[in-house]
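Worksheet: one structure, shown below.
The values are calculated or read from the model by the stated rules, or taken from the named source; none is laboratory data. Just so you know, these numbers come straight off a predicted model, no measurement behind them. Backbone-built Cβ (ideal geometry, glycine too); neighbour counts: all protein chains shown. Calculation scope for accessible area: heavy atoms of the full protein, side chains included, ligands and nucleic acids excluded. Shrake-Rupley method; radii C 1.70, N 1.55, O 1.52, S 1.80 Å.
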Amino acid sequence: MSDTHAGHEAKHPYHLVDPSPWPIVGAIAALLLTGGMVLFMHGIWGFGGKIVLALGVLGVLGTMFFWWRDVVKEATFQGYHTPVVQIGMRYGMALFIASEVMFFAAWFWAYFNAFLFPTEQIGHTWPPSLPTPVQTFDPFELPLLNTLILLLSGVTVTWAHHALREGDRKGMLQGLALTILLGATFTCVQAYEYSHAAFTFTGNIYGSTFFMATGFHGFHVIIGTIFLTVCWFRAYAGHFKPDHHFGFEAAAWYWHFVDVVWLFLFTCIYVAGAGVAEH
């Protein structure tokens, strides 16, 4: 080893991250995406609004691709993700999921506030009877099907994780592929359900809380499906080892979080809030 190379060798187990443009680029892209969605939801949907939304979507997708590419290089090819670094990443992922829990707590709070204390404006009933009776979904039809789909996907991602830890590459790829397929199926079933809803987003508090809570969950399912798809390609390329696979582990944590949130949504919104309001 030359003196020059030895001088650049890391003398500690920590990762001092190089300056990166992706945090600021991602923040700007998220702002554009949020602004574009606000313009869309308020009906301000001219050429400018479409440009803002398009730039936001492209910016977020580009940031995800290039930032993940850099992280994959650091983890797989540059060896920066030492055991000490992985501990910090686990704490970071746990805190991220905790913040997501609080995000959904806001929608549950709004739902239960109206559910437990229906006001005169909605006829003192739940589901609301004013201005018109709300016909909810039968929880034991499509919602139950989607619940079974997500629970099964939790089993398959656990299968894939255990296969990875045991060095079973084929089982890992099969389990991941099934999880991705089940995630995509859930999204398709939810889209079909939305298209047949007997209520709208703006009609009353039930529609608003229903679509915000279940819609954001559906968005998280899409993100999780993308996350797992990236992991499948990385697994196929041989990036994961039985003792070094935090990227896969983080994706599995996220997916289990999505499963648990759906169980609460199914129980509280679809089952507890089911029925047809009467005058």
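Miscellaneous remarks
- Sole residue being open to solvent by 60 Å² or more (accessible area, probe 1.4 Å) and at pLDDT 95 or above, chosen from 28, 87, 51, 97: 28
- Pairs with Cβ under 9 Å, 6+ apart, first in the stretch 22-38 and free of Cβ contacts under 8 Å to residues at least 24 places away in the same chain, second not in a helix (DSSP H, G or I): 38/44
- Scope the stretch 192-214; condition open to solvent by 60 Å² or more (accessible area, probe 1.4 Å), without any contact (Cβ under 8 Å) to a residue 60 or more places away in the chain and closer than 22 Å to residue 261 by Cα; matching residues: 192, 194, 201
- For the criterion of being closer than 27 Å to residue 190 by Cβ and part of a loop (DSSP other than H, G, I, E, B), residue 247 fails.
- Members of the stretch 75-84 that are assigned to a helix (DSSP H, G or I) and over 24 Å from the mean Cα position of the chain (by Cα): 76, 77, 83, 84
- Search result, residues across the stretch 221-236 that are of a type in the set (A, V, I, L, M, F, W, C) and either closer than 14 Å to residue 164 by Cβ or open to solvent by less than 40 Å² (accessible area, probe 1.4 Å) (or both): 221, 228, 231, 232, 235
- Residue 10 vs. criteria in a helix (DSSP H, G or I) and at pLDDT below 85: no
- Qualifying positions in the stretch 46-60 - in a helix (DSSP H, G or I) and farther than 21 Å from residue 22 by Cβ: 47, 48, 49, 50, 51
- Listed by first and then second residue, the pairs with beta-carbon distance under 8 Å, at least 6 apart or on different chains, first residue in the stretch 236-258 and under 15 Å from residue 73 (Cβ atoms), second part of a loop (DSSP other than H, G, I, E, B) and among the hydrophobic types (A, V, I, L, M, F, W, C), are 247/240.
- If the condition is being farther than 29 Å from residue 238 by Cα, assigned to a helix (DSSP H, G or I) and not hydrophobic (A, V, I, L, M, F, W, C), then the stretch 25-45 contributes 34, 35, 36.
- Some residue of the stretch 210-227 being over 28 Å from residue 124 (Cβ atoms), of a type in the set (Gly, Ala, Ser) and assigned to a helix (DSSP H, G or I): yes
- Test: residue in the stretch 168-179 that is crowded, with 21+ Cβ neighbours inside 10 Å, of a type in the set (Ser, Thr, Tyr) and assigned to a helix (DSSP H, G or I): yes
- Residues within the stretch 134-151 that are open to solvent by 60 Å² or more (accessible area, probe 1.4 Å) and assigned to a loop (DSSP other than H, G, I, E, B), tallied: 3
- When the residues of the stretch 31-44 are filtered to those that are open to solvent by 70 Å² or more (accessible area, probe 1.4 Å) and farther than 25 Å from residue 63 by Cα, the one that is modelled with the lowest pLDDT is 44.
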